[in-house]
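Structure first, commentary second.
The values are calculated or read from the model by the stated rules, or taken from the named source; none is laboratory data. All values reported here derive from a predicted model rather than from experimental measurement. Reconstructed Cβ throughout: ideal geometry from the backbone, glycine too, with neighbour counts over all protein chains shown.
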Amino acid sequence: MITTPANLEQSIEKLRQSAERVQRERREFIASQPQVVCCRVHPTTERTIDERITATATANNFGKFKAGYTPCPNCLEDAQLVRLAGYGLPENLIHATFENYIPDDGDDAGHVEAVKSFCEVKRGCLIMLGGYGTGKSHLAAAALRTFGKGWFVKNSTLLNALRDTYRDKAAFCPIDRAQSARLFVLDDAGLSAGGRDQLPLIHEILDYRHGERLPTVITSNLDWDGLANVVGERMADRLRESAFRVLTFTGTSHRREARQRYFD
């Protein structure tokens, strides 16, 4: 069959009419459905019908209409918490965000904006130093939540995972995961039993991430000189080069408030 301008116009018109018919039938279908439903998992949370989701469901089902509703925010949060736990966040930090961080003084309040800036740049090493319970790990967890993916691990846990491979060659080796993580958070650096294998482990991970310009967060209760002693002078020099910021937390410990939240 030879295509003529008249035939082409007729074909275009048929497609237009077909599209209008589908749109009209979809609107009629949506109008006939419950406009609000309750989440099966969270019965007190309402989900409203969404025309865009219904349109996608229609396309996926080859013209068969299926009502689509907005996601349950509580289900989305539950799914995110599961992901964060898989990225190493402990339960007591799983809900940590920038919004619920409570600074102890003006200097610590300014640290929030510095960490947010780091999350935007996504490069370099953010180092947070200070005493126990001052919020360093909280902000590190908030950064991981912002990145959406990564690995949060305590220095002692990292070292123990490496030592497991000495006894069992099939055991999980932490080095690859630490090197390739979208964001690597080394929490409580220097807080471990130490050992001759600690410095090579930390060096291998941080040196790789430094060379690949991958974002890293280090928290420690030590001051800069103490941290430099843990990572070695050579790596300390590289951290100076790649440091996005070195934040010192001077507030008092929030452990008492944290204890109340723990039991609540």
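Below, the figures for the structure above:
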| item | result |
| --- | --- |
| Residue ID - farthest from the chain's Cα centre (by Cα), chosen from residues in segment 188-217 that are hydrophobic (A, V, I, L, M, F, W, C) and assigned to a loop (DSSP other than H, G, I, E, B) | ALA193 |
| Filter result for ARG24 (basic (Lys, Arg), loosely packed, with under 11 Cβ neighbours inside 10 Å, at pLDDT 85 or above and in a helix (DSSP H, G or I)) | yes |
| Any chance LEU162 is touching a residue at least 24 places away in the same chain (Cβ under 8 Å) and more than 23 Å from ALA236 (Cα to Cα) | no |
| Which numbered condition VAL185 fails, given (1) modelled with pLDDT of 95 or more; (2) out of contact with any Lys or Arg (no Cβ under 9 Å at 6 or more places or on another chain); (3) part of a loop (DSSP other than H, G, I, E, B) | (3) |
| Yes/no for LYS169 being free of Cβ contacts under 8 Å to residues at least 60 places away in the same chain, within 13 Å of ILE218 (Cα to Cα) and surrounded by fewer than 24 Cβ atoms within 10 Å (Cβ to Cβ) | no |
| Residue ID - farthest from ASP187 (Cα to Cα), chosen from residues in segment 95-147 that are part of a loop (DSSP other than H, G, I, E, B) and of a type in the set (D, E, K, R) | ASP105 |
